[in-house]
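A.B. asks: Here it is, the structure in full.
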Amino acid sequence: MSTEVLRLSGNYIIQAVPGGSVLIDPTGSSATTGTVTINGNLVINGAQTQVETQNVSVKDKVILLNDGEVGPGIGGLIGSGQQSGIQVDRGHGASSTLTGNLVLTELAWNDGVNNHQGIWEFTVGNGVAQAYSAIKVNAIQYDGEGSRLDGRLIIFGNQVGMLNVGTQGDETGLSYASRVTDENDIPNKYYVDHVVSQATEVAFATSATFIQEGNSSVIINDYTKTGQTSNIIAFIDNVQTVYIEPDTVALAGIAITSSTIRTSTTNTDLILLTNGTGNIIANAAISYQVPDVPPTSTPNQVKVYSTSTPGAGASGLLYVNTLGTDELTGARRAMVFSMIL
């Protein structure tokens, strides 16, 4: 195929009548085949550029929109709601309520500390029918840069809002709460409400090992995780008040092991008190074990204890007070003594 070349010594203008049209048709039949190639820059002046090709390939790494803005702000207005971005026609033209939009909106926003300008918005529709649309991603990365370098990703700033996992908050096997298993998973309210209070009733309640409010806390350690004896420890105002092991309970200074009650602190009295005029009642015999060290007297107290070698009273039950130590005498031995004396 031959090629005809038009060579000019100066500029070349193709001009139609005002409001007319200029057609470049490489096919000669108004078909959609053929190629028009422009070597050099292409400048298009006008209010509208329409491209009807189905595939567009652009080598530019950055596409500039709103070029030539004199500012400040899109349309020369800051905080006006002016927008610049990409719009997708989903039927019935660009003015339709079906359009998809990715735009930078000229509005101010606050992260809770500092004010900023400009918000990227994903929306559907136009005008009063415009609504925010969903964004589907696999991850969001926080770069830690900017005016706030405290490592936090701001979600709401100074606006009222809530994070919600949708309709995944029930106890079903596929619920969001059932998948909160990793140390870095964020629990929802349903998980927090049920993991402690109904741990034996819901399948996803795997562990709640630490509860704290201020200086008071409860810690749970299990053999399957620590390799040591399982226990539960409670602190009130930073003071340990409860310690529970499989066979021992220590509660506010009292230790219970099997059928034994003792004080947790060495050389501390174990005191039984009633409220008001009540009595201490035992419905079985009380056995006095021989102490390792006989007790000494204490003011305003009478101490009763036993001995392995009964004396003249034949009871082996002794008492000590501020007047001294003596043995309680049985009835028969007391009668013999009275007859002798």
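The values are calculated or read from the model by the stated rules, or taken from the named source; none is laboratory data. What you see is a predicted model, and the numbers here were worked out from it, not measured in a lab. Glycine gets a Cβ as well: all are built from the backbone with ideal geometry, and neighbour counts include every protein chain shown.
So that you can scan it fast, the table gives a plain yes or no per residue for (1) part of a strand (DSSP E or B); (2) out of contact with any helix residue (DSSP H, G or I) (no Cβ under 7 Å at 6 or more places or on another chain); (3) small (G, A, S):
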| residue | (1), (2), (3) |
| --- | --- |
| Y288 | no, yes, no |
| P291 | no, yes, no |
| N300 | no, yes, no |
| V304 | yes, yes, no |
| A314 | no, no, yes |
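A.B. asks: Please specify each residue of segment 220-235 satisfying the condition of being outside any loop (DSSP other than H, G, I, E, B) and surrounded by 14 or more Cβ atoms within 10 Å (Cβ to Cβ). Walk me through how you get there before you give the answer.
C.D. replies: First pass over segment 220-235, keeping only residues outside any loop (DSSP other than H, G, I, E, B): 220-221, 223-226, 231-235.
If the condition is that a residue be outside any loop (DSSP other than H, G, I, E, B) and surrounded by 14 or more Cβ atoms within 10 Å (Cβ to Cβ), then I220, N221, N231, I232, I233, A234, F235 are the ones that fit.
A.B. asks: Continuing with this model, one more query. Of the numbered conditions (1) at pLDDT below 90; (2) among the charged types (D, E, K, R); (3) not assigned by TED's automatic domain parsing to the domain that holds S175, R262 fails exactly one; give the number of that condition.
C.D. replies: With respect to (1) at pLDDT below 90; (2) among the charged types (D, E, K, R); (3) not assigned by TED's automatic domain parsing to the domain that holds S175, R262 is out only on (1).
A.B. asks: While we're looking at this one, here's another question. From the set of residues in segment 126-137 that are at pLDDT 85 or above and part of a loop (DSSP other than H, G, I, E, B), which is surrounded by the most Cβ atoms within 10 Å (Cβ to Cβ)? Steps first, please.
C.D. replies: Going residue by residue through segment 126-137, those that are at pLDDT 85 or above are 131-137.
Imposing the further condition that a residue be part of a loop (DSSP other than H, G, I, E, B) reduces the set to 133-137.
On the way: S133: 13, A134: 6, I135: 8, K136: 4, V137: 5.
The residue in question is S133.
A.B. asks: While we're looking at this one, here's another question. Any idea how many residues of segment 236-264 are exposed (fewer than 10 other Cβ atoms within 10 Å of the Cβ) and either among the hydrophobic types (A, V, I, L, M, F, W, C) or in a loop (DSSP other than H, G, I, E, B) (or both)? So that I can check it myself, show each step before the final result.
C.D. replies: Keep residues of segment 236-264 that are exposed (fewer than 10 other Cβ atoms within 10 Å of the Cβ), which gives 237-238, 246-247, 258-260.
From what's left, either among the hydrophobic types (A, V, I, L, M, F, W, C) or in a loop (DSSP other than H, G, I, E, B) (or both): 237-238, 246-247, 258-259.
Final tally of qualifying residues: 6.
A.B. asks: Of these, G40, G79, G19, which one is in contact with a strand residue (DSSP E or B) (Cβ under 7 Å, 6 or more places away or on another chain), of a type in the set (G, A, S) and part of a loop (DSSP other than H, G, I, E, B)?
C.D. replies: Details: G40 fails: in contact with a strand residue (DSSP E or B) (Cβ under 7 Å, 6 or more places away or on another chain); G19 fails: in contact with a strand residue (DSSP E or B) (Cβ under 7 Å, 6 or more places away or on another chain).
After ruling out the rest, the residue left standing is G79.
A.B. asks: Something else about it: Can you run down the residue pairs with Cβ atoms below 8 Å, 6 or more apart or on separate chains, where the first is in segment 239-250 and closer than 17 Å to R262 by Cβ and the partner is among the aromatic types (F, W, Y) and surrounded by 14 or more Cβ atoms within 10 Å (Cβ to Cβ)?
C.D. replies: From residues that are closer than 17 Å to R262 by Cβ, the pairs are T241/F235; V249/Y243; A250/Y243.
A.B. asks: Oh, and also: Anything in segment 13-59 that is surrounded by 10 or more Cβ atoms within 10 Å (Cβ to Cβ) and more than 22 Å from T3 (Cβ to Cβ)? List them, or say none. Working first, answer last.
C.D. replies: Kept after step one, since they are surrounded by 10 or more Cβ atoms within 10 Å (Cβ to Cβ), are these residues of segment 13-59: 25-27, 34.
Selection gives nothing.
A.B. asks: Mind telling me which of the residues N110, N158 ends up being modelled with pLDDT under 80 and surrounded by 11 or more Cβ atoms within 10 Å (Cβ to Cβ)? Let's see the steps before the verdict.
C.D. replies: Numbers: N110 fails: modelled with pLDDT under 80.
Result: N158 is the single residue among N110, N158 that is modelled with pLDDT under 80 and surrounded by 11 or more Cβ atoms within 10 Å (Cβ to Cβ).
A.B. asks: Could you check how many residues of segment 282-341 are farther than 27 Å from I271 by Cβ, surrounded by 14 or more Cβ atoms within 10 Å (Cβ to Cβ) and of a type in the set (V, I, T)?
C.D. replies: Residues flagged as farther than 27 Å from I271 by Cβ, surrounded by 14 or more Cβ atoms within 10 Å (Cβ to Cβ) and of a type in the set (V, I, T) within segment 282-341 amount to 1.
A.B. asks: Of the residues N45, N55, N101, only one is over 26 Å from T123 (Cα atoms) and not β-branched (V, I, T); which? Reasoning before the result, please.
C.D. replies: Values: N55 fails: over 26 Å from T123 (Cα atoms); N101 fails: over 26 Å from T123 (Cα atoms).
So the residue among N45, N55, N101 that is over 26 Å from T123 (Cα atoms) and not β-branched (V, I, T) is N45.
A.B. asks: Enumerate the pairs (first residue in segment 223-235 and in the same structural domain as G253 (by TED's automatic domain parsing); second residue anywhere and part of a strand (DSSP E or B) and among the aromatic types (F, W, Y)) with beta-carbon separation below 7 Å, excluding pairs fewer than 6 apart on the same chain, so at least 6 apart or on different chains.
C.D. replies: N231/Y243; I233/Y243
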